[in-house]
Amino acid sequence: MAVIPSLIRRFYAKRINQIDHFKKYPVETQHSTLSEIIAVARATEWGREYDYSSISSVKDYQSRVPLRSYEEYLSYIERLRKGERNLTWPGYFNWFAKSSGTTSTKSKFIPISKESLVDCHYRAAKDILAIYSFNNPDTRFFSGKALTLGGSNKINQLSNKSIYGDLSAVLIRNAPFYIEKIRTPPQKIALLDDFEEKLELITKITVKQNVTSFSGVPSWYLTLIKNVLAYTGKSSLLDVWPNLEVFFHGGISFTPYREIYKRLIPGDQMHYMETYNASEGFFGIQDDPERSDMLLMLDYGIFYEFIPSDKLYTESPSALTLGEVEKGVNYAIVISTNGGLWRYIIGDTIVFTGTAPYRFRISGRTKNFINAFGEELIVENADKALEEACRVTGAIISEYTAGPVYMGEKSRGTHEWIIEFEKAPDDINLFTSLLDDTLKSINSDYEAKRYKDINLVKPIVRSVPPGTFNRWLKSKNKLGGQNKVPRLSNTREFIEELYGFLVIL
């Protein structure tokens, strides 16, 4: 079997060289990408409206095409869903990825072109395998099955010419036929709408198979892992799948889940590789296992721009190109793609950790933050503070969300944290103090607002019973798939909703 990894590495050698090329020439690669997608779209209604034929530089493009959020793009999306041709991209869109990003009831429908499927999403899947094989020359990944949990949304007709599902369902439905030979469970089970039924069927099928990898959202795979262990009576996942070696994870931060995964999959054979995939495109891959950041993938038909997050909601914010960004700054991402999205603000924020090559960390969402008192708390801050509190106390977190407690006539403001522990701390007050102190050490705005309790007092941490967040998600028909618990909110909307599903411990 040793010959298989060798052949795989040889097969992927050309692609590894291409990745090395855009790492060496990132700005040139991006300019070329923009020129290519503009050329393809110049005859569309959008291309004619903004005179794509006469655009000769990035500055031309930026001055001519306005920045747009999903809401500002919605009129075009609705026309695309009705089957209009040659609107934002040549031809018509047969597939749309349904995405919410949070548990809000409003859904987004992102158009998926053939080019974005093949040249972005599927190219990224191949790149993950190429990079993993290059970094792990003795891998036996290809000797077994790749477990795919799949989306919880069934495919539905939007019109006579278009259908939708969540991104994972769209990718599964359009995958080459041979993928079914190496993936588990069968497509009909992976695409079941009922997450709980799917969970049981996947468990019964896969415990008999040689699973070597799985990929997806950490929170939902944790639910599956617990179900598999309960079904088999095992305490380690390696007792069920002894050749399991890698989890390709994304969608949410892995930080709150790292310790529990280590406990359920003990030993050194398990690898974890972060990816950054969204309905709008595939953006990043953790190419170096010794680093915790990701490489920005520059040749997937996506042109990137970046807006400093503190300027995002100002009038006419300026967007920077790749060559203009700096390390350590929180940026909102803007993309133009081979899926017909143009200067589209996707709602995620990142921080660059390097510029040679361009590597980054996901820092949060443009709408997932707490700034009710000027503290500018982002998800990255929250994850780091919780990680430290867990490290010291030995606690393990399953899910969490946080929001403000507003100032009253005779009370000062604070933050309220609703946390579902896999292993609760022995001393919740110590845990809270560690959370608070770490936030003060990594966020100067939070520290300033906490100074002598003048504006903010010590946060409130509420421990809730297992299953609370899943019951909440189920009530919103958001169980499974790519649905995520919003980590932070600048309002009390999610906390107030959760009150209806919890008993405070």
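Among the helices (runs of 4 or more DSSP H) confined to segment 1-119, the ones with at least 3 residues that are modelled with pLDDT of 95 or more and over 22 Å from the mean Cα position of the chain (by Cα) are located at 3-24, 26-41, 45-49, 58-64. The single residue among Leu320, Leu386 that is of a type in the set (A, V, I, L, M, F, W, C), in contact with a Phe, Trp or Tyr (Cβ under 8 Å, 6 or more places away or on another chain), open to solvent by 30 Å² or more (accessible area, probe 1.4 Å) and at pLDDT 95 or above turns out to be Leu320. Hey, any hits in segment 93-100 for a residue that's hydroxyl-bearing (Ser, Thr, Tyr) and touching a helix residue (DSSP H, G or I) at 6+ places or on another chain (Cβ under 8 Å)? Within segment 93-100 (the criterion being hydroxyl-bearing (Ser, Thr, Tyr) and touching a helix residue (DSSP H, G or I) at 6+ places or on another chain (Cβ under 8 Å)), the answer is yes, since at least one residue qualifies. Pairs meeting the criteria (first residue in segment 252-272 and assigned to a strand (DSSP E or B), second residue open to solvent by less than 50 Å² (accessible area, probe 1.4 Å) and not aromatic (Phe, Trp, Tyr), beta carbons under 8 Å, at least 6 apart or on different chains) are His271/Asn136; His271/Glu245; His271/Val246; Tyr272/Val246; Tyr272/His249. Taken together, the residues in segment 297-352 that are part of a loop (DSSP other than H, G, I, E, B) and touching a residue at least 60 places away in the same chain (Cβ under 8 Å) amount to 14. For segment 391-402, a residue qualifies if it is open to solvent by 60 Å² or more (accessible area, probe 1.4 Å) and in contact (Cβ under 8 Å) with a residue 60 or more places away in the chain, but none of them does. Among the residues of segment 403-418, the one identified as open to solvent by 20 Å² or more (accessible area, probe 1.4 Å) and in contact with a Ser or Thr (Cβ under 7 Å, 6 or more places away or on another chain) is Val405. In the condition set (1) among the polar types (S, T, N, Q); (2) open to solvent by 20 Å² or more (accessible area, probe 1.4 Å); (3) within 14 Å of Tyr304 (Cα to Cα), Thr33 is compliant with all but (2). For segment 356-372, taking the residues that are open to solvent by 30 Å² or more (accessible area, probe 1.4 Å) and not in a strand (DSSP E or B), the one that is modelled with the lowest pLDDT is identified as Lys367.
Please state which one of Phe421, Phe501, Phe469, Phe431 is in a strand (DSSP E or B), touching a residue at least 12 places away in the same chain (Cβ under 8 Å), surrounded by 16 or more Cβ atoms within 10 Å (Cβ to Cβ) and under 28 Å from the mean Cα position of the chain (by Cα). Of Phe421, Phe501, Phe469, Phe431, the one residue that is in a strand (DSSP E or B), touching a residue at least 12 places away in the same chain (Cβ under 8 Å), surrounded by 16 or more Cβ atoms within 10 Å (Cβ to Cβ) and under 28 Å from the mean Cα position of the chain (by Cα) is Phe421. Of all residues in segment 249-263, those satisfying the criterion of being more than 16 Å from Glu422 (Cβ to Cβ) and open to solvent by less than 20 Å² (accessible area, probe 1.4 Å) are His249, Gly250. The residue of segment 143-158 that is farthest from Leu191 (Cα to Cα), among those that are buried (at least 16 other Cβ atoms within 10 Å of the Cβ) and either among the aliphatic types (A, V, I, L, M) or at pLDDT 90 or above (or both), is Gly144. For segment 373-383, a residue qualifies if it is surrounded by fewer than 18 Cβ atoms within 10 Å (Cβ to Cβ) and of a type in the set (D, E, K, R), and exactly one does: Glu376.
For the structure I just gave you, tell me whether Leu192 is in a loop (DSSP other than H, G, I, E, B), surrounded by 19 or more Cβ atoms within 10 Å (Cβ to Cβ) and at negative phi. So Leu192 passes the test. Criterion applied to Leu244, Leu199, Leu222 was being over 25 Å from Ile285 (Cα atoms) and buried (at least 17 other Cβ atoms within 10 Å of the Cβ), and the one residue passing it is Leu199. Among residues of segment 107-119 that are closer than 20 Å to Gly347 by Cβ, those with a beta-carbon under 8 Å from a residue that is of a type in the set (Phe, Trp, Tyr) and in a loop (DSSP other than H, G, I, E, B) at least six positions away or on a different chain give the pairs Pro111/Trp89; Pro111/Phe93; Ile112/Phe93.
Quick check: anything in segment 337-355 aromatic (Phe, Trp, Tyr), more than 20 Å from Asp288 (Cβ to Cβ), open to solvent by less than 30 Å² (accessible area, probe 1.4 Å) and at pLDDT 95 or above? Yes, because at least one residue in segment 337-355 is aromatic (Phe, Trp, Tyr), more than 20 Å from Asp288 (Cβ to Cβ), open to solvent by less than 30 Å² (accessible area, probe 1.4 Å) and at pLDDT 95 or above.
The values are calculated or read from the model by the stated rules, or taken from the named source; none is laboratory data. Quantities reported herein were computed from a predicted structural model and do not represent experimental measurements. Reconstructed Cβ throughout: ideal geometry from the backbone, glycine too, with neighbour counts over all protein chains shown. Calculation scope for accessible area: heavy atoms of the full protein, side chains included, ligands and nucleic acids excluded. Shrake-Rupley method; radii C 1.70, N 1.55, O 1.52, S 1.80 Å.
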